[in-house]
Amino acid sequence: MNRIRLLSEQVANQIAAGEVVERPASVVKELVENSLDAAAQKITVEIGAGGRSLIRVTDDGFGMNRDDALLSLERHATSKIQRAEDLASIATMGFRGEALPSIASVSRFVLTTRERETDSPEATQIVVNGGTIAEVKAAGSATGTSIEVRQLFFNLPARRKFLRTEETEAAHIQHYLTLAALAFPEVAFTFAKDGRNVWQLPAVKSGAATSSRIEALRERLRALLGDEKLLPVNYSAPLDDDGNPSLPDETDIFETASPEKPEIQNPKSEIRI
């Protein structure tokens with residue numbers, strides 16, 4: 001009797017999901033990165049029960065036609081590289097083509113997408129249950145892509161058991177989205193939790209100049225944190241012959257800074273920079 005055998009596609013996807021999907025925040029990260037790679041200008045993320053019961057990411061990116069939508073659920077199917085040489089010049093957030101099939105294998109998954117550059121009013125909707133395609137049909141949708149993930153790890157009780165509380169999982173999701181929103185101020189982000197908006201950030205226009213991007217980041221920071229929590233910091237250092245910064249002594253770098261207000265009510269508001 002042979003001891004070595006090929007695993008089924010479903011089992012292989014579930015094993016891959018163990019590498020790609022650690023917790024609900026991992027799903028959000030993969031889907032948001034796909035949206036950013038699709039040149040989305042607006043991304044909406046909705047979660048329920050800390051991402052356990054619902055994760056929905058909707059964007060206005062390029063979208064996909066029916067054939068590409070079906071192919072996106074196959075392992076190692078990607079639009080981001082074609083040859084091994086492309087690995088040396090990757091300019092996207094991801095490239096392996098494992099995220100969607102891995103996520104779909106451990107959830108109740110619905111992909112709805114409509115290609116941006118098409119005259120057809122129809123979108124494609126694919127329903128997947130635990131890695132098995134249950135239905136493919138035409139649907140009405142705006143251009144872009146919406147992916148809905150429900151009952152994450154419903155078919156892997158051991159994985160679901162080790163998820164943290166709803167509050168903890170939601171905090172991990174919000175932390176990642178905050179970083180993504182700061183990294184891409186030119187993209188509008190909306191985050192909703194259990195049916196309530198946590199924040200809705202408009203897109204901030206910026207040019208190619210560094211000063212313009214810094215100003216865009218400043219505006220996004222204000223939208224997220226508010227003016228009272230911001231402390232301006234301006235520091236520069238000359239470069240040596242090898243292109244490395246010539247840093248002064250530590251005593252010149254580290255100093256105590258405080259907001260411009262003359263009176264500090266809370267001593268903990270001092271910040272070390």
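Values for this structure:
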item	result
Centre separation in Å (Cα based) which lies between region 142-176 and region 5-59	8
Taking D241, D67 and counting other C-beta atoms within 10 Å, the order from fewest to most	D241, D67
R218 versus R196: modelled label distance in nm, points set 7 Å from Cα along the beta carbon direction	3.3
Table column - 3J(HN,Hα) (Hz), region 102-108, Karplus curve with 6.51, -1.76, 1.60, x for Gly and Pro	5, 5, 5, 6, 10, 7, 9
Sorted by Cβ neighbour density within 10 Å, fewest at the top, the residues K161, K29, K42	K161, K42, K29
Tally of Lys pairs whose C-alpha atoms are under 18 Å apart, taken over region 9-201, 8 or more apart or cross-chain	4
Neighbour-count order for L179, L6, fewest beta carbons within 10 angstrom listed first	L6, L179
In order through region 130-147: 3J(HN,Hα) via Karplus (6.51 cos²θ - 1.76 cosθ + 1.60), integer Hz, x for Gly, Pro	x, x, 9, 5, 9, 7, 10, 8, 7, 8, x, 6, 6, 5, x, 9, 10, 10
Vicinal HN-Hα couplings computed from phi for region 149-157 (Karplus, 6.51 cos²θ - 1.76 cosθ + 1.60; Hz; Gly/Pro x)	10, 10, 6, 4, 6, 4, 9, 10, x
Linear extension gain, A134 paired with H175, 0.36 nm per residue minus alpha-carbon span	11.4 nm
Chain lengthening between A183 and N65 when straightened (0.36 nm per residue, less Cα-Cα)	39.6 nm
Cα gyration tensor shape for region 9-201, rounded if a/c is under 1.5, else prolate or oblate	rounded
Chymotrypsin sites (Phe, Trp or Tyr not before Pro) restricted to region 136-221 and DSSP loop, no more than 13 other C-beta within 10 Å	F162
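Read the figures in this text as sums done on the coordinates, not as results from a lab. On a predicted model such as this, the values are computed, not experimentally measured, just so you know. Cβ coordinates were reconstructed from backbone atoms using ideal geometry, including for glycine residues, and neighbour counts include every protein chain displayed.
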